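The values are calculated or read from the model by the stated rules, or taken from the named source; none is laboratory data. This one's a predicted model, so the numbers in the text were calculated from it and none came from an experiment. As a convention, Cβ positions derive from the backbone with ideal geometry for all residues, glycine included, and neighbour counts pool all protein chains shown.
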Amino acid sequence: MTIILVDKQPITRLGLRLLFRGLFKQANIMEFECLNQVKDLCSTTSQTILVLGFYNSDKTPHIRYIISAVQKFPLASIIVYDDNSDDPLVFKYFQIGISGYLAKQSSLHELSYCINDVVSGKKYIPVNILLHDHKNDLKNNPFQRVIPSQKLSFQEYEIATYLGKGMRNAWIARKLQIKPTTVSYYKYKIFKKLNVSNILKLGELMESDSYSYKEKIT
C-alpha cells in the first residue's frame, strides 16, 4: 500500500505519518507540500491512499484541487482533511470522486475510523455533517448510516440519535418539524431493526457505533 500525504504544514504531515505508520506498518508513506510535486514522483494504484490537506487560507478553490487530483490519480482513494469543519460543498466533493472527508478538528479516534473505512472500500463522512444537512434532498445523499448488522434510513438514524440521548418524542417532533405520532412510528421501526427493547440499549448502541458509512445501493 502507498499512502501519499499532501499538506503544506509539516507538523500536520508528521502527525498523519505517525498515525498511518501505526495502522499500516508495511505501507510506503510519502509526503508532499502540494499536489504538483506528486505527479512526477510516484504512480498510483488501487492500493493508494491520497490525503489532501485543505486550509481556509488556500488560494486555489478546493473543488478545483479535487478535480485535478481525481483526474491525475483516478485509481487512488482520496481523503480530504479539511481545516473548515462546515464546508458547504462536501457532498459535491464526493460526487467528484473522493472517498473520505474529515475536519482537522476531529479526534484521532475518528480519523482512524475514516482511514480504515476508506482502505476497506467504504465511503466516510462525519455524522455531524449528515445531521446538519438533514433538510436537503435525502434522495441525492450518497450515504446511508451503517449500524452493526443493520441499516437505518437517514431519518431513522437521526431520530435514533436523539432518542439515544434521552430526548422525548415531543422534543424530537418539534426539532424535526414532524408529528409526535410520526416519531413514535419511527421509534417502533428503529427498535425492531436494531433488535433493542428500550432507550438505554439504543443509547448504548448508538454511542458505541463507529460512525462509518457505505454507499447506498439503490
Kindly indicate whether any position in the range 135-147 is in a helix (DSSP H, G or I), modelled with pLDDT under 90 and among the aromatic types (Phe, Trp, Tyr).
-> no
Among Leu52, Leu75, Leu14, Leu5, which is assigned to a strand (DSSP E or B) and over 15 Å from the mean Cα position of the chain (by Cα)?
-> Leu5
Out of the residues in the range 184-197 that are closer than 14 Å to Ser153 by Cβ and among the hydrophobic types (A, V, I, L, M, F, W, C), which is surrounded by the fewest Cβ atoms within 10 Å (Cβ to Cβ)?
-> Leu194
Can Leu14 be described as farther than 20 Å from Ser120 by Cα, crowded, with 18+ Cβ neighbours inside 10 Å and among the hydrophobic types (A, V, I, L, M, F, W, C)?
-> no
Within the range 48-64, identify whether any single residue is at pLDDT below 85 and of a type in the set (Ser, Thr, Tyr), and answer yes or no.
-> yes
Which numbered condition Ile79 fails, given (1) crowded, with 19+ Cβ neighbours inside 10 Å; (2) out of contact with any Phe, Trp or Tyr (no Cβ under 9 Å at 6 or more places or on another chain); (3) free of Cβ contacts under 8 Å to residues at least 60 places away in the same chain; (4) of a type in the set (A, V, I, L, M, F, W, C) | (2)
Being hydroxyl-bearing (Ser, Thr, Tyr) and either at pLDDT 90 or above or not in a helix (DSSP H, G or I) (or both) is the filter; apply it to the range 198-218 and report the residue that is surrounded by the fewest Cβ atoms within 10 Å (Cβ to Cβ).
-> Thr218
Taking the range 117-127 only, how many residues are farther than 18 Å from Tyr157 by Cα and touching a Lys or Arg at 6+ places or on another chain (Cβ under 9 Å)?
-> 3
Are any of the residues in the range 8-27 over 17 Å from Ser106 (Cα atoms) and β-branched (Val, Ile, Thr)?
-> no
Would you call Tyr55 touching a Phe, Trp or Tyr at 6+ places or on another chain (Cβ under 9 Å) and under 20 Å from Ile125 (Cα atoms)?
-> no
From the list Gln150, Gln177, which one is exposed (fewer than 15 other Cβ atoms within 10 Å of the Cβ), at positive phi and modelled with pLDDT under 90?
-> Gln177
Would you check which residues across the range 99-122 are charged (D, E, K, R) and modelled with pLDDT under 80 and list them?
-> Glu110
Name the residue, out of Phe20, Phe32, that is surrounded by 15 or more Cβ atoms within 10 Å (Cβ to Cβ) and without any contact (Cβ under 8 Å) to a residue 60 or more places away in the chain.
-> Phe32
Could you list, in sequence order, the residues of the range 68-77 that are in contact with a Ser or Thr (Cβ under 6 Å, 6 or more places away or on another chain) and within 14 Å of Phe94 (Cα to Cα)?
-> Ala76, Ser77
Can you spot a residue in the range 86-104 that is under 19 Å from Gln9 (Cβ atoms), polar (S, T, N, Q) and outside any helix (DSSP H, G or I)?
-> no
